[in-house]
Amino acid sequence: MNAELIAVGTEILLGDIVNTDAQVISRGLSELGINVYYQTVVGDNPTRLERAIREAKDRADIIITTGGLGPTLDDLTKETLAKVFGKTMALHEPSLAHIKEFFQKIGREMTPNNEKQAWLPEGCTVFENKWGTAPGCGFEAGGKHVLMLPGPPRECTPMWEQCAKPYLYPLAGGCIVSRSVRVMGLGESAMEARLHDLMASMTNPTIAPYAKVSECFARVTAMADTEAEAEQMLTPVVQQVTDLLGADVYGIDVDSLEQVVGDTLRQRGMTLAVAESCTGGLLSKRITDLPGASDYYKGGVCSYTNEVKINLLGVQPDTLAQYGAVSAQTAEQMAAGAAQVFGTDIGVGITGVAGPDPSEGKEVGLVYISVWFQGELITRETRNSLGRDRVRNQAASNALDIIRRKLQGVL
């Protein structure tokens with residue numbers, strides 16, 4: 001089987017947004033063993049969209065579109081596909097009810113044009129949109145399979161994972177199961193080097209390394225006739241991967257580093273507080289993005305000035321005078337001060353130069369992270385020259401990783 005992706009939206013052609021949907025879907029299709037030979041981006045123009053669909057129909061078994069499912073006049077993906085494949089549009093009452101409920105929940109009046117989103121090709125499989133209003137759908141016509149997904153990534157990605165991929169499973173000729181081994185402390189190339197021989201020796205399951213901001217993961221995928229058989233194939237390989245990567249593995253099939261830290265703190269009945277300078281509250285945000293963070297997170301201080309470091313956290317003026325605000329010594333006193341002020345088992349201190357300009361004669365990207373863990377101080381110096389956002393994200397991730405390693409007994 002081969003697939004073609006068609007992204008619909010003039011905003012993509014103009015460069016206003018990046019087509020991240022294509023990346024997510026292409027990776028997913030690869031896991032299913034479905035080839036992608038073409039990707040097309042077409043604006044909100046029915047004539048050009050129809051031409052793109054007809055070309056895809058001639059050369060692909062599966063056509064997947066993203067975007068153009070909204071309520072406005074230029075959202076014409078469904079209508080154009082229905083025309084090309086000879087489908088009649090029909091009102092899907094459950095989708096209309098969902099749209100009405102959505103507007104009631106957000107306290108806004110539903111305008112009549114929103115009903116347009118509930119009109120779908122007759123006889124299609126409807127993909128419920130739990131993350132927005134426009135439903136997706138899939139149908140088969142003339143030996144071709146057509147899937148339509150919404151454009152916004154916050155809607156497209158979960159709909160792809162929860163609705164579209166299961167829809168495509170039968171076309172893949174078996175059952176696909178994947179495990180994600182999450183890693184912090186290794187770069188993608190270093191991770192690949194450790195896994196290279198194992199990766200080269202395997203065809204099913206397969207191992208694929210991926211890089212994310214400040215971390216990596218290895219996806220292990222198996223194809224079998226049943227889910228149970230695929231799981232059985234995966235288990236020993238996942239174990240081999242975790243053995244090769246060792247303490248740098250922070251979890252399997254987990255959402256994030258902060259989730260692992262939070263869950264472990266909750267299980268152990270331990271508490272955490274943070275003091276942040278260059279990260280400006282980013283670590284606190286990542287921790288509190290998770291529901292139930294109040295079980296273990298007591299609070300934080302965004303200590304951008306020396307006065308705050310001294311008056312709230314107890315950093316010694318002599319320390320600042322001798323070593324500077326950006327120093328291991330200051331980070332350690334911030335961490336200890338946070339734990340003392342909030343009465344927690346763990347305190348974190350982060351101070352550094354996020355940029356764009358040097359500070360205290362210290363280069364951009366220099367960061368000190370200290371964790372006060374029940375009386376013990378663990379301090380790490382990091383350097384990153386890849387921009388302000390990367391510096392801040394890496395600092396927050398490193399702080400979480402130190403805590404994670406202490407909790408797991410690998411530091």
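The values are calculated or read from the model by the stated rules, or taken from the named source; none is laboratory data. Computed from a predicted model, the values in this text were never measured in an experiment. With ideal geometry, Cβ positions are generated from the backbone for all residues, glycine too; neighbour counts draw on all protein chains shown. These area figures cover heavy atoms from the full protein model, side chains too; ligands, DNA and RNA do not enter into them. Shrake-Rupley method; radii C 1.70, N 1.55, O 1.52, S 1.80 Å.
Before moving on, here are some points about what is shown:
- ³J(HN,Hα), Karplus 6.51/-1.76/1.60, whole Hz, each residue of region 175-192, x for Gly, Pro: 10, 10, 10, 10, 10, 10, 9, 8, 10, 9, x, 10, x, 4, 5, 5, 5, 4
- Sequence of 31, 332, 188 from largest to smallest accessible area, 1.4 Å probe: 188, 332, 31
- Each DSSP beta bridge with both residues in region 208-318 is either parallel or antiparallel, and the antiparallel ones are about 50%.
- Summed over qualifying helices (DSSP H, 4 residues or more, each -39500 (n - 2.57)) and divided by its residue number, the chain shows a 222 nm mean residue ellipticity of -12000 deg cm²/dmol.
- For the chain, 156, 163, 175, 216, 278, 302 stand unpaired, since no other cysteine beta carbon lies under 4.7 Å from theirs.
- The alpha carbons of the chain give a radius of gyration and a Dmax of 25.5, 79 Å, in that order.
- Bridges between two residues of the chain, per DSSP, are antiparallel at a rate of about 65%.
- Exposure ranking of 250, 38 by accessible area [1.4 Å probe, largest first]: 38, 250
- Region 351-409: relative contact order in percent, alpha carbon pairs under 8 Å with at least 6 residues between: 29
- Once C-alpha pairs closer than 8 Å and six or more residues apart are averaged by separation and normalised to the residue number of the chain, the relative contact order reads 10 percent.
- Cα centroid of region 276-316 to Cα centroid of region 1-28, whole Å: 38
- Near the amide H of residue 151, within less than 5 Å, lie the amide hydrogens of 67, 68, 69, all on another chain or at least 5 residues away, with H placed in the peptide plane.
- Residues 12, 252, 62 ordered from highest to lowest accessible area at a 1.4 Å probe: 252, 12, 62.
- Note on residue 196: accessible area is roughly 90 Å² with a 1.4 Å probe, heavy atoms of protein only.
- Dipole in debye (nearest 20) - the chain, about Cα centre, beta carbon charges: Lys, Arg +1; Asp, Glu -1: 260
- Integer Hz, Karplus 6.51/-1.76/1.60 couplings in order for region 155-172, x for Gly and Pro: 9, 5, 4, x, 5, 4, 5, 8, 10, 5, 4, x, 4, 8, 3, x, 6, 7
- Normalised by 2.2 N^0.38 Å, where N is the number of residues, the alpha-carbon radius of gyration of region 345-402 equals 1.14.
- Region 1-100: C-alpha gyration tensor shape, a/c 1.5 cut-off, then a/b vs b/c: rounded
- Placed amide H near residue 136: partners under 5 Å, 5+ positions off or other chain: 127, 129
- Relative contact order %, region 146-281, counting alpha carbon pairs below 8 Å whose residues are six or more apart: 26
- Amide H partners (placed H, <5 Å) of residue 275, local residues excluded: 301, 348, 349, 350
- Counting heavy atoms of the protein chains alone, residue 119 has an accessible area of about 100 Å² for a 1.4 Å probe.
- Rounded to the nearest Hz, the phi-derived 3J(HN,Hα) couplings of region 9-16 under the Karplus curve 6.51 cos²θ - 1.76 cosθ + 1.60 (θ = phi - 60°) are x, 4, 4, 6, 4, 7, x, 5, where x marks glycine and proline.
- Candidate lysines - alpha carbon under 24 Å from residue 362, same-chain residues fewer than 8 apart omitted: 309
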